[in-house]
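Read through the structure below, which is laid out as structure tokens, and then see the notes.
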Amino acid sequence: ELKGIVFVIQSQSNSFHSKRAEDLKGDILKQAIDLGQELPTVLLVHQIDRHEGAWTILPLMRDFSVTYGRNASWIFFCEEDTRIQVIKLLETLRRFDKSKEWFLGKALYDEESTIIHHYAFAENPTVFKFPDFAAGWALSIPLVNKLAKKLKSEPLKSDFTIDLKHEIALYIWQKGEGPHLTPVPEFCTDDVNSYKADHCATTFSNFLPLCGEPVDKEDVFVAVKTCRKFHGDRIPVVKQTWEREAALIEYYSDYADISIPTINLGIPNTDRGHCGKTFAILERFLNHTSPRAPWLVVVDDDTLISIFRLRKLLSCYDPNEPVFLGERYGYGLGTGGYSYITGGGGMVFSRTAVQKLLSSKCRCYSMDAPDDMVLGMCFSGLGIPITHSPLFHQARPMDYPKDYLSHQIPVSFHKHWNIDPVKVYFTWLAPNTEESHNGKKVGYNREDL
């Protein structure tokens, strides 16, 4: 029965994202009406506001158990861009005995152990499967009740959330005491119009969002954080790759080098976080840069980014809203904590967000505090939500499963370690003529890098 499924959409409060989630909710309910079935429950995560960490799902398990533990069969999770064929989803879930513990999804795995998963299963990382959230994933109610019970006796540790899909799978697996992910072929990330999608209960609209014309080049101000020791090896990579895409770009360093040129902000370089430098950049953007661009992007000198694609993505956001956009991480979300945008993948700010931040009293607690985490704390305190996009990446392409990247048009990657960064840029991020003309996804020659 459809009423036995609780749909949970990984929504966000930013106006662009909340509308997409509401549209998906409307589509699910319309399909239910067309089937003549009793309406299912459809929840939007950003509206479950009792938890700062609601997006990490596990803190919600006790609520799910209390509210739906007796009258539902499945909790089905999906993203705002997941497309669901409700009748096929029903047929798929009926294959599984709802009285048993099931963890269902489209399986991803690491081909080699990776830093974003703390080098888990280093001997053979392919053995551990975790769900591609884009395809949707499901937990049977007996498993939800079991997780809720565990969470009651063992609260979540106050730790980092880096790759939620992997961390949830690890928590459910419980070192072999809980279930593994069961791969379900009907949970798909093929495009809805693909010939492969006929058997699919879920599909994924796998494109770079475009909501009108890309924002103008002059509307995006790019700040590159560097220091003297990297002027010789990292800055030339930026110059060879994405610098030409940026109309407004400045390099901020601890040393003024006119050949680049870099601007010395008067902040000494620190080996750890760069909070002092980043707040100086924000202040300069607000008070000293001209023209007054509505968007600021702060990147590291070893970030590879497509400004061309970012301009498309930003067409979906209102710069009059306080927008803080990038790849979302969490810290201590099981016990209050906060979310933040991880710096290496690039941090995007609307001018409005920078104004609200700097007019508050929130500042670095030390010059070498981690800038991205301090910004997360500050925005959390101001009630300004983090806006997550999976198209920004804190690590290198080989640190992610190939199947996960196959339904993305990425905006950024980070780090030059053990790769040819110029080759990575031209393989994954460089605009090409076809993409420039019609905005469609094109086939890249993404050989193993």
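The values are calculated or read from the model by the stated rules, or taken from the named source; none is laboratory data. Only a predicted model underlies this, so the values are computations on that prediction, with no experimental measurement involved. Cβ placement follows ideal geometry from the backbone for every residue including glycine, while neighbour counts extend to all protein chains displayed. Accessible surface areas use protein heavy atoms only, side chains included; no ligands, DNA or RNA. Shrake-Rupley method; radii C 1.70, N 1.55, O 1.52, S 1.80 Å.
Is there any pair linking a residue in region 19-33 that is without any contact (Cβ under 8 Å) to a residue 12 or more places away in the chain to one that is among the β-branched types (Val, Ile, Thr) and part of a helix (DSSP H, G or I), with Cβ under 9 Å and at least six apart or on different chains, and which?
Nothing qualifies.
Determine which single condition Tyr109 fails, assuming it passes every other condition in (1) under 30 Å from Asn193 (Cα atoms); (2) open to solvent by less than 60 Å² (accessible area, probe 1.4 Å); (3) aromatic (Phe, Trp, Tyr).
(2)
Only residues that are surrounded by fewer than 19 Cβ atoms within 10 Å (Cβ to Cβ) and of a type outside the set (A, V, I, L, M, F, W, C): list them for region 279-299, please.
Correct list: Glu283, Arg284, Asn287, His288, Thr289, Ser290, Pro291, Arg292.
Output the residues belonging to region 226-249 that are over 20 Å from Asp216 (Cα atoms) and not aliphatic (A, V, I, L, M).
Across region 226-249, the qualifying residues are Thr226, Cys227, Arg228, Lys229, Phe230, His231, Gly232, Asp233, Arg234, Pro236, Lys239, Gln240.
For Tyr171, work out the one condition from (1) hydroxyl-bearing (Ser, Thr, Tyr); (2) part of a helix (DSSP H, G or I); (3) open to solvent by less than 40 Å² (accessible area, probe 1.4 Å) it doesn't fulfil.
For Tyr171, the exception is condition (3).
Sort out which residues of region 192-210 are in a loop (DSSP other than H, G, I, E, B) and either crowded, with 18+ Cβ neighbours inside 10 Å or at pLDDT 95 or above (or both), and write them in order of number.
Taking region 192-210 as the starting set, the residues that turn out to be in a loop (DSSP other than H, G, I, E, B) are 192-194, 200-201, 205-210.
Once the filter is applied, which keeps residues that are in a loop (DSSP other than H, G, I, E, B) and either crowded, with 18+ Cβ neighbours inside 10 Å or at pLDDT 95 or above (or both), region 192-210 yields Cys200, Ala201, Leu208, Pro209.
Restricting attention to region 400-420, which residues are surrounded by 21 or more Cβ atoms within 10 Å (Cβ to Cβ) and not in a loop (DSSP other than H, G, I, E, B)?
Those that are surrounded by 21 or more Cβ atoms within 10 Å (Cβ to Cβ) and not in a loop (DSSP other than H, G, I, E, B): Ser412, Phe413, His414.
Give the residue, chosen from Thr303, Thr262, that is modelled with pLDDT of 95 or more, over 26 Å from the mean Cα position of the chain (by Cα) and buried (at least 21 other Cβ atoms within 10 Å of the Cβ).
Matching residue, one of Thr303, Thr262: Thr262.
From the list Ala293, Ala353, exactly one residue is farther than 25 Å from Phe204 by Cα, in contact with a Lys or Arg (Cβ under 8 Å, 6 or more places away or on another chain) and in the same structural domain as Lys415 (by the TED database). Which is it?
Working: Ala353 fails: in contact with a Lys or Arg (Cβ under 8 Å, 6 or more places away or on another chain).
Result of the check over Ala293, Ala353: Ala293.
Can you tell me how many residues within region 174-191 are in contact with a Leu (Cβ under 9 Å, 6 or more places away or on another chain) and open to solvent by 20 Å² or more (accessible area, probe 1.4 Å)? Give the steps one after another, and end with the answer.
Filtering region 174-191 down to residues in contact with a Leu (Cβ under 9 Å, 6 or more places away or on another chain) leaves 178-179, 181-184, 186-187.
In the following step, the residues that additionally are open to solvent by 20 Å² or more (accessible area, probe 1.4 Å) were identified as 179, 182-183, 186.
Residues that pass the stated criteria total 4.
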